[in-house]
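Taking it in order: structure first as structure tokens, then the write-up.
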Amino acid sequence: MRRLVALLLVIFAILPIEAKRKKKAVPLQTAQTRLAPADARRLSYFYQEGIKQKLANHLSEAYDLFEHCLAIAPDDPDAIFEAGYLRFYLGQDSLGTEMFRRAMELDRENPRYVQSLAAAYLTRNEPDKAIPVIEHLSQLQTRRSDVLYQLVDLYKANGQTDQAIRALNRIELLEGRTLQTSMQKYALYIDKGKEKEAYEVLHTLERESPHDPRIPIILGRQYLQNNHPNEALECFRRVAQTDPQNAELRMAMMEYYEQTGQQERRTALRDSLLYAPGTPDEVRAQMASVLIYDLKGQPDQQTRVMQALDTLIRISPSALMHSLRVSYMMSAKMDQDMVALAMRELLTVAPDNDNALSRLLVYYLGKKDMEQVAEICRMGINAHPESLTYYFYLALALSQMGQGPQAVEVLQSGLKQTNEQSNPEHLSDFYELLGQLYYEMGQPTEAFAAYDSCLVYRDDNAACLNNYAYYLSLRDERLDDAERMSYRAIILEPLNKTYLDTYAWVLFMKQNYSMAKFYIDRVVSASQPDSLLLADENLHGDVLEHAGDIYALCDDVEQAMRYWKLAKLKGVDSATLGRKLKLRKYLKD
């Protein structure tokens, strides 16, 4: 079906209107086309029904009806054409193209048949066959400049320079001489090695448009490109007489000075364009790029470029100038704090700049500055309320700042922005964080419902699988489900110590103590010295307490005591742990 759609796009690009079905003068008058009245009525009935079925997208029924038409009148071009259309639907491109060709052969005056055959040839990458068909279409519809433009492109691709020029001349008869057609003709003449004719094309356009400064500037640049600086200067002077401050002219003069070795004049003109109050921002940006290139390799490059960019921002504090400074600082790998400050300044003039918002979000996450993360995310939500990223990280920041209920509200607001096109992974992350927040707020039913939703969108969300399993084990609920989910998490991330601890603890809760010991030993090996266990920032005290509990029920009291003591040193301060240490045995919370 996608191939048919691609074909139709080409067809309708060539001819945006569909010719009405009309009475035709068919050149091949055979016995098959001179129908008896009854057969003519049957043909008309089946054809009209076929069109109805096609418009209703009942293509199989339409195909059968058009086949009936061809059984009655094999040389009816309308039926041939419609059957060919459906051949493309069936993936029979070659047969469909041949049927279009037959329809055009029977009625060469019908532009619909001609356009469709051309489109079929182009879809099949057969430009040599398409060209004569499109040429015929251009003769049928002589005022169709879009068809002529297509011919120009095909002629150029096929190396038919003269034909392309003639087609451009026909376009100019319809639309008048334009910069677009003139530049195309100029390039074609240059390709043919006819410089004189090429320049005359642009000179003619200049004479016809004496008040358009673009044309002599373009002409001068072409002279420069072909190493004719004197002729180029004459073109530029014509513009300078009426518009000496023209920014495009001044940039062209910079090219002239560079080519003729007048570097001081080029530099002065560059700086004039950079700092003149009336210079358009786009031109300033181009000149800043030139300055950066000119200073490349010099020991004071970075300082001079930053001074220039700061000056430009004072002259024109626009989003473009701020963005240019940020881009340079990043490309120069400058200090990240300085880059972040420049991005914040960019947001003062362009608060919806998603690139700056996204990069600042990553920067503040890296610094674990949750207050700044929250501020950036609020700005992102205001500017781009459809972006789920900002809702997620705002909720994450709020949760880490102890504002769980507010984080839940943010996630719920974000979920209201979702639709069928939303990324399933993003939705999974939303529900995973929502589940964690609900559990921390003492709402396990809501937490487990959120985890279920998370796994619907992404059943391999390892964080969700781990947390879901751990919270179930803490409540001594659905331990078989907890074991299944926890095991899947360690299959997904076999080196994750948190996930291994969860699996060991689920096994412990199921009283499978020997296997629990096997997995906890992959987290805290008995051979590791106490100093390493205490120094490991990723090893939390509750993991060490779990290890002690598991060893205690595996009848290794000394090792259990060791881990309980380490847990206390790691910050676990519970009455239950104190009693374990005092009584030298495992106690349930």
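Provide the FRET efficiency to the nearest 0.05 for the Leu569-Met330 pair, computing r from the beta carbons and using R0 = 35 Å.
0.20
Placing unit charges on C-beta atoms (Lys and Arg positive, Asp and Glu negative, everything else neutral), compute the dipole magnitude of the chain about its Cα centre in debye, rounded to 20.
980 debye
Using a Förster distance of 22 Å, how high is the FRET efficiency between Asp476 and Arg584, based on the Cβ-Cβ distance and rounded to 0.05?
0.35
Rank by packing, highest mean first: peptides 109-121, 571-583, with packing defined as the count of other Cβ atoms within 10 Å averaged across residues.
109-121, 571-583
Treat each spin label as a single point 7 Å out from the Cα along the C-beta direction, and report the Arg378 to Ser44 distance in nm.
7.5 nm
Going through the range 347-436, which trypsin sites (Lys or Arg not before Pro) have at most 11 other Cβ atoms within 10 Å and a DSSP loop state?
Of the trypsin sites (Lys or Arg not before Pro), the ones in loops of the range 347-436 whose Cβ has at most 11 other Cβ atoms within 10 Å are Lys368, Lys416.
Tell me, in nm to one decimal, what length is gained between Asp93 and Gln417 on full extension, where the rule is 0.36 nm per residue of separation less the Cα-Cα distance?
112.3 nm
Would you mind getting me the FRET efficiency between Arg108 and Met338? Use the beta-carbon distance for r and R0 = 60 Å, nearest 0.05.
0.25
If the limit is 31 Å between Cα atoms, which of Lys54/Lys156; Lys497/Lys565; Lys129/Lys185; Lys54/Lys416; Lys194/Lys296 go over it?
Lys54/Lys156; Lys54/Lys416; Lys194/Lys296
Under 18 Å Cα-Cα from Lys568, which lysines qualify once same-chain neighbours fewer than 8 residues away are excluded?
Once the sequence-local lysines are set aside, what remains near Lys568 is Lys580, Lys582, Lys585, Lys588.
Please work out how much length the chain gains when fully extended from Lys296 to Arg34, using 0.36 nm per residue of separation minus the C-alpha to C-alpha distance, in nm with one decimal.
Here the segment from Lys296 to Arg34 would lengthen by 86.2 nm.
Can you give me the accessible area per residue for the chain, using a 1.4 Å probe, in Å²?
52 Å²
Would you mind computing, in nm to one decimal, how far apart the modelled labels at Asn158 and Asp542 are, each placed 7 Å from Cα along Cα→Cβ?
Between Asn158 and Asp542, the simple spin-label model gives 7.5 nm.
Provide the gained length on full extension for the span Thr260 to Asn57, in nm with one decimal, where the gain is 0.36 nm per separating residue minus the Cα-Cα distance.
66.4 nm
Using the Cα centre of the chain as origin and beta-carbon charges of +1 (Lys, Arg) and -1 (Asp, Glu), tell me which of Thr123, Ile315, Ala73 is placed farthest towards the positive end of the dipole.
Ala73
The values are calculated or read from the model by the stated rules, or taken from the named source; none is laboratory data. Since this is a predicted model, take the numbers as computed values, not measurements. Don't worry about glycine lacking a Cβ; one is built from the backbone with ideal geometry, like all the others, and counts go over all protein chains shown. With ligands, DNA and RNA removed, areas are computed over all heavy atoms of the protein, side chains included. Shrake-Rupley method; radii C 1.70, N 1.55, O 1.52, S 1.80 Å.
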